[in-house]
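Visitor: Sharing a structure here in structure tokens format.
The values are calculated or read from the model by the stated rules, or taken from the named source; none is laboratory data. Not measured: the values here are computed from a predicted model. Cβ sites come from the backbone with ideal geometry, for glycine too, and all protein chains shown count toward neighbours. In case anyone asks, the SASA skips ligands and DNA or RNA and just uses the protein heavy atoms, side chains included. Shrake-Rupley method; radii C 1.70, N 1.55, O 1.52, S 1.80 Å.
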Amino acid sequence: MSATLSKDAREELQSRGYSRRQFGRISSLLGMGAALTRFAPSAHAETFKPDQAFVGHPNMVRIGSNECWTGPFPTACSAGQAMVPHGNRYEPDHLRSTLLDTAAQVENCPVDHILPWSGSSDPLSRAVVSFCSPTRGLVTANPSYEAAWRTASWLNVKLSRVPLTAHNGYVTDVRAMLQADPNAGLYYICSPNNPTGTVTPLEDIAWLVDNKPAGSIVMVDEAYIHFSGTPSAISLVKQGKDVVVLRTFSKMFAMAGLRLGLNFARPDLQQRMMRYDGANVTTMLNIVALACGASSLTQTENIIARRNEMIAARTMTLDHLRKRGVHFLPNSQANMFMVDWKKSAAQMKAAFAKQNVEIGRNWEIWPTMSRVTVGSMADMQAFCKALDHIMA
Ligand SMILES: Cc1ncc(COP(=O)(O)O)c(C=O)c1O
């Protein structure tokens, strides 16, 4: 399904330099989440495509897509399940506003600064459409989450990718990002970064916000922030800055298949993102996901316990890699890390697949490194065992 662009939306896009041909591309891109995968495949789709042969294998250890190793928190599951019998109703219990009120309370953020989506993929692509143009590019780190890259290239928006470097601990270099394109429309920072798990200090993000060109936006994708427990850029949103924060429920809250996300931004920025058939997309949400998501947000103790469980599994795995002399990038504060095999990552991925372990992809800039998701302790023990077998 694709979006229908209103006359106003078309005129606004035209005024920013988008061509009629690009209108078609924008409407096909912003229909529903599903449409995104046609042109901007999700990480999940990309990870699974080459591996069709073993998708669905009952014993496969899935540490390739940065999913959570277990389901939503038990009380969140119950809240979602309780909604299934009411599935005949569009909005049985003001679930959407309950989610927004809960998020506003938890983040201490005005409720009119928050919008729900069925995941982060739509608002991410939508931000590129809304804030970039043929004259104002997109800047990201490299490697980083690539969905925005694909949208930019689909729309012929200038893309600048700034390498992460060892000398700064593989942290996103905001000064180099500004230098790469001092007139960009959108600066995208994923923190913790997918795939390195490294956190961009909030002071660096604030520096970029204060020094970026007028009219541009800094988008901070906090998909993994509950795993790091580090300070959120929502504080900058609350200060009225040109910042959009993305929060998917696909990671810590284990709702990748249920589909839910929030974005935080000043209402005028939200409005700019809503121009292209956004109203439908943020109101027609799955009631099971809304109930499950609202319940998840307040579970502080469970969030900390799950983070600690992940840290224990990550520590055990990195210790094992160290013992085996396998190089990995330091400083991950999330449920993933990069392993440098010093040889083809694609071949290593295939070798793990033969051991029934699905590890993550590599990025073009680092062809010898694979992203490995931190799963349960049992998943990571299976990863270590498979590694021992491959290295024997
Ligand atoms: C950094 C980042 N942002 C956004 C997404 C997309 O998440 P969603 O499942 O909400 O579409 C992902 C998925 O892996 C991600 O890693």
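Visitor: So if we plug the beta-carbon distance of VAL111 and GLN14 into 1/(1 + (r/R0)^6) with R0 = 22 Å, what FRET efficiency do we get, rounded to 0.05?
Guide: Efficiency, rounded to the nearest 0.05: 0.10.
Visitor: What is the extension gain from ASP268 to ASP101, computed as 0.36 nm multiplied by their sequence separation minus the C-alpha to C-alpha distance, in nm to one decimal?
Guide: Between ASP268 and ASP101, full extension yields an extra 58.2 nm.
Visitor: List the lysines whose Cα sits under 23 Å from the Cα of LYS349, skipping any in the same chain fewer than 8 residues away.
Guide: LYS349 reaches LYS49, LYS251, LYS323, LYS385.
Visitor: Can you work out ³J(HN,Hα) from phi for every residue in the stretch 325-340, in order, using Karplus 6.51 cos²θ - 1.76 cosθ + 1.60 and θ = phi - 60°, giving whole Hz and x for Gly and Pro?
Guide: Computed from phi, the couplings for the stretch 325-340 are x, 8, 7, 9, 7, x, 6, 5, 10, 9, 8, 6, 7, 9, 10, 9 Hz.
Visitor: While we're looking at this one, here's another question. In nm, give the distance between the simple-model label positions of GLN179 and ALA305, each being 7 Å from the Cα along the Cα-to-Cβ direction.
Guide: Here the answer is 4.8 nm between the modelled labels.
Visitor: Now for a different question. Using a 1.4 angstrom probe on heavy atoms only, work out the carbon and sulfur share of the accessible area of the chain in %.
Guide: In the chain, the share of accessible area belonging to carbon and sulfur is 52 percent.
Visitor: Please state the relative contact order of the chain as a whole percent: Cα pairs under 8 Å, 6+ residues apart?
Guide: Once divided by the residue count of the chain, the mean separation gives 22 percent.
Visitor: Once Rh is set to the Kirkwood radius over Cα pairs, what Stokes-Einstein translational diffusion coefficient, in µm²/s, holds for the stretch 241-392 at a temperature of 4 °C and a viscosity of 1.567 mPa s?
Guide: For these conditions, the coefficient is 72 µm²/s.
Visitor: Also, I was wondering about something else. Would you list which lysines come within 23 Å of LYS241, measuring only between C-alpha atoms, while excluding same-chain residues fewer than 8 positions from it?
Guide: Filter leaves LYS212.
Visitor: Between ALA184, ALA351, ALA256, which gets the highest mean-square fluctuation from a Gaussian network model of the chain, Cα cutoff 10 Å?
Guide: Taking springs between Cα atoms under 10 Å, the residue moving most is ALA351.
Visitor: What does the charge add up to near PHE131, with Lys and Arg as +1, Asp and Glu as -1, over the other residues with Cβ less than 15 Å from its Cβ?
Guide: Result for the local shell: +3.
Visitor: Find the all-direction average of the projected area of the Cα convex hull for the stretch 86-233, expressing the result in square nanometres with one decimal place.
Guide: 10.3 nm²
Visitor: Which residues in the stretch 352-385 have a backbone N closer than 13 Å to a point placed 7 Å from the Cα of SER153 along the Cα-to-Cβ line?
Guide: 363-365
Visitor: Only four residue types carry charge here, +1 at the Cβ of Lys and Arg and -1 at the Cβ of Asp and Glu. Report the dipole size of the chain about the Cα centre in Debye, rounded to the nearest 20.
Guide: Here the chain has a charge dipole of around 960 debye.
Visitor: Per DSSP H run of n ≥ 4, the term is -39500 (n - 2.57); total these for the chain, divide by its residue number, and report the mean residue ellipticity at 222 nm rounded to 500 deg cm²/dmol.
Guide: Mean residue ellipticity, 222 nm, calculated: -13000 deg cm²/dmol.
Visitor: Which value, in Å², gives the accessible area per residue of the chain when a 1.4 Å probe is used on the protein heavy atoms?
Guide: Result: 41 Å² per residue.
Visitor: Name the residues whose placed amide hydrogens come within less than 5 Å of the amide hydrogen of PHE328, ignoring near sequence neighbours (fewer than 5 apart) on the same chain.
Guide: ASP340
Visitor: Let me cross-check SER97: its accessible surface, 1.4 Å probe, with only protein heavy atoms counted, in Å² to the nearest 10?
Guide: 50 Å²
Visitor: Report the FRET efficiency, 1/(1 + (r/R0)^6), for SER78 and GLN381, where r is their Cβ-Cβ distance and R0 is 35 Å, rounded to 0.05.
Guide: Here the calculated transfer efficiency is 0.70.
Visitor: What percent do you get for the relative contact order of the stretch 158-239 when only Cα pairs under 8 Å and 6+ apart count?
Guide: 29 percent
Visitor: Here is a further query. If I take every Cα pair under 8 Å that is 6 or more residues apart in the stretch 207-294, average their sequence separation and divide by the length, what percent do I get for the relative contact order?
Guide: About 24 percent, as a whole number.
Visitor: Extending each Cα 7 Å along its Cβ direction at ALA214 and MET60, get the distance between those two points in nm, one decimal.
Guide: It is 5.2 nm.
Visitor: Let me spell out the model: positive unit charges on the Cβ of Lys and Arg, negative unit charges on the Cβ of Asp and Glu, origin at the Cα centre of the stretch 89-147. What dipole size does that give, in debye rounded to 20?
Guide: Charge dipole of the stretch 89-147: 240 debye, to the nearest 20.
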